[in-house]
1. Listed residues Leu271, Leu241, Leu260; which is assigned by TED's automatic domain parsing to the domain that holds Pro193, farther than 16 Å from Asp218 by Cβ and in contact with a Lys or Arg (Cβ under 9 Å, 6 or more places away or on another chain)?
2. Please list, ordered by residue number, the strands (runs of 3 or more DSSP E) wholly in the range 24-112 having 2 or more residues that are surrounded by fewer than 16 Cβ atoms within 10 Å (Cβ to Cβ).
3. Scanning the range 222-246 for residues that are among the hydroxyl-bearing types (Ser, Thr, Tyr) and at pLDDT 95 or above, which turns out surrounded by the fewest Cβ atoms within 10 Å (Cβ to Cβ)?
4. Can you find a residue in the range 17-39 that is more than 16 Å from the ligand (Cβ to nearest atom) and either assigned by TED's automatic domain parsing to the domain that holds Gly124 or aromatic (Phe, Trp, Tyr) (or both)?
5. Could you say which residue among Lys108, Lys151, Lys162 is farther than 15 Å from Leu177 by Cα and either free of Cβ contacts under 8 Å to residues at least 24 places away in the same chain or not assigned by TED's automatic domain parsing to the domain that holds Val88 (or both)?
6. Look through the range 115-130, keep the residues that are of a type in the set (Gly, Ala, Ser) and in contact with a Phe, Trp or Tyr (Cβ under 8 Å, 6 or more places away or on another chain), and return whichever of them is nearest to the ligand (Cβ to nearest atom).
7. Report, by residue number, each residue of the range 230-260 that is farther than 12 Å from Tyr194 by Cα and either of a type in the set (Gly, Ala, Ser) or within 15 Å of the ligand (Cβ to nearest atom) (or both).
8. Tell me whether the range 229-240 contains one or more residues that are among the aromatic types (Phe, Trp, Tyr), outside any loop (DSSP other than H, G, I, E, B) and more than 22 Å from the chain's Cα centre (by Cα).
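The values are calculated or read from the model by the stated rules, or taken from the named source; none is laboratory data. Not measured: the values here are computed from a predicted model. Here Cβ is always computed from backbone atoms with ideal geometry, including for glycine, and neighbour counts include all displayed protein chains.
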Amino acid sequence: MASRQNSTKINARELLSKYSGKLPAAELDQLLSLAWHKNIEYIYKHPEFKISVSTAKTFNSLVVKRLAGWSLAYLKGYKEFFGYKFLVSPHTLIPRPESELIIEETLKYLKQSKIKRANILDVGTGSGCLILSIAKNYAEAQYTAVDISIKALRIAKTNARKLGLKNKVKFIKSNLLKKLKDQTFDIVIANLPYLTPQQLKEPSIKKEPRVALLAGSDGLSYYRKLLEQLTEHLSKKYIILLEIDPSQKELIQETIKAKLPKAKIKLLKDLAGHIRIVKITN
Ligand SMILES: C[S@@+](CC[C@H](N)C(=O)[O-])C[C@H]1O[C@@H](n2cnc3c(N)ncnc32)[C@H](O)[C@@H]1O
């Protein structure tokens, strides 16, 4: 009886068609590839292939999770970002393509400026996607990353190891800069939570950690505190790059002027043409 059940096979294409209209075809193919442990090209090349009952069950449960709002990155356990593969978990934000601008600007600055062994700090590192992508492309710097979530830091450390950057970045559990005594930094990058309670209602982000997203009634509570604390931690010449929501462009400039009155502020647009990064220099 058991062997008869094991030998039952299910037509993969028929299974996929059961869900057509509920999820995009490309996503269904990815979920099947995940359940079947086959790459996506294999799925495309073998539409009529038969799969086992247990693979079909795994696929069905992945579809149910996806329909309940889990993103593909969480189901797969990783996200590609800046050409690298970053492990993610429900304790980390899923890296977003618009954040790559922080990496590009940092690398540009490192190559143009004459700083020897720049001290670089990433505040709210999450999966470590920003600082590790920079470290992968620029060896001659000292890297520190903080996060309030120990679970996120564990993922970041695993990502460092997998990218061949073990011990390259000092990861510290810290509420903003509290644990960083007397250190100064030439470059500070931060993609801290910046959403308002209203923006948090967006369904596509409902499975991502609140601690990675929400920041007070105007979304700037963390940046306000960070800028306050940073005044003690900046080198003579510095650059700060902060990711924001386009709607915060005026408020963030006022906040920066209040904390760093002599600083120069530039707003940078992401690929979609939205103001996304604030560049602060002196
Ligand atoms: C928007 S996520 C960004 C993660 C990552 N840097 C990225 O770009 O994908 C914000 C991160 O800030 C962390 N965080 C929130 N509050 C913090 C605090 N008070 N001090 C340090 N990190 C904090 C969260 O745990 C989360 O990992």
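1. On the way: Leu271 fails: in contact with a Lys or Arg (Cβ under 9 Å, 6 or more places away or on another chain); Leu260 fails: in contact with a Lys or Arg (Cβ under 9 Å, 6 or more places away or on another chain).
Unique residue meeting the criteria: Leu241.
2. On the way: elements: 50-52, 78-81, 84-87.
Output list reads 50-52.
3. Initially, the range 222-246 is screened for residues among the hydroxyl-bearing types (Ser, Thr, Tyr), giving 222-223, 231, 235, 238.
Next cut, at pLDDT 95 or above only: 222-223, 235, 238.
Values: Tyr222: 20, Tyr223: 29, Ser235: 16, Tyr238: 21.
Step by step, filter the range 222-246, then rank; the result is Ser235.
4. So in the range 17-39, the residues more than 16 Å from the ligand (Cβ to nearest atom) come out as 17-39.
Applying the additional criterion that residues be either assigned by TED's automatic domain parsing to the domain that holds Gly124 or aromatic (Phe, Trp, Tyr) (or both) yields 19, 36.
Looking for residues that are more than 16 Å from the ligand (Cβ to nearest atom) and either assigned by TED's automatic domain parsing to the domain that holds Gly124 or aromatic (Phe, Trp, Tyr) (or both), one finds at least one in the range 17-39, hence yes.
5. On the way: Lys151 fails: either free of Cβ contacts under 8 Å to residues at least 24 places away in the same chain or not assigned by TED's automatic domain parsing to the domain that holds Val88 (or both); Lys162 fails: either free of Cβ contacts under 8 Å to residues at least 24 places away in the same chain or not assigned by TED's automatic domain parsing to the domain that holds Val88 (or both).
Result: Lys108 is the single residue among Lys108, Lys151, Lys162 that is farther than 15 Å from Leu177 by Cα and either free of Cβ contacts under 8 Å to residues at least 24 places away in the same chain or not assigned by TED's automatic domain parsing to the domain that holds Val88 (or both).
6. Step one: filter the range 115-130 for residues of a type in the set (Gly, Ala, Ser), giving 118, 124, 126-128.
Imposing the further condition that a residue be in contact with a Phe, Trp or Tyr (Cβ under 8 Å, 6 or more places away or on another chain) reduces the set to 124, 127-128.
Values: Gly124: 3, Ser127: 6, Gly128: 8 Å.
Within the range 115-130, the match that is nearest to the ligand (Cβ to nearest atom) is Gly124.
7. The answer is Leu230, His233, Ser235, Ile240, Leu241, Ala258.
8. Our first condition is that a residue be among the aromatic types (Phe, Trp, Tyr); within the range 229-240, this holds for 238.
When the remaining residues are screened for being outside any loop (DSSP other than H, G, I, E, B), the result is 238.
Add one more test, that the residue is more than 22 Å from the chain's Cα centre (by Cα), and what stays is 238.
Scanning the range 229-240 turns up at least one residue that is among the aromatic types (Phe, Trp, Tyr), outside any loop (DSSP other than H, G, I, E, B) and more than 22 Å from the chain's Cα centre (by Cα).
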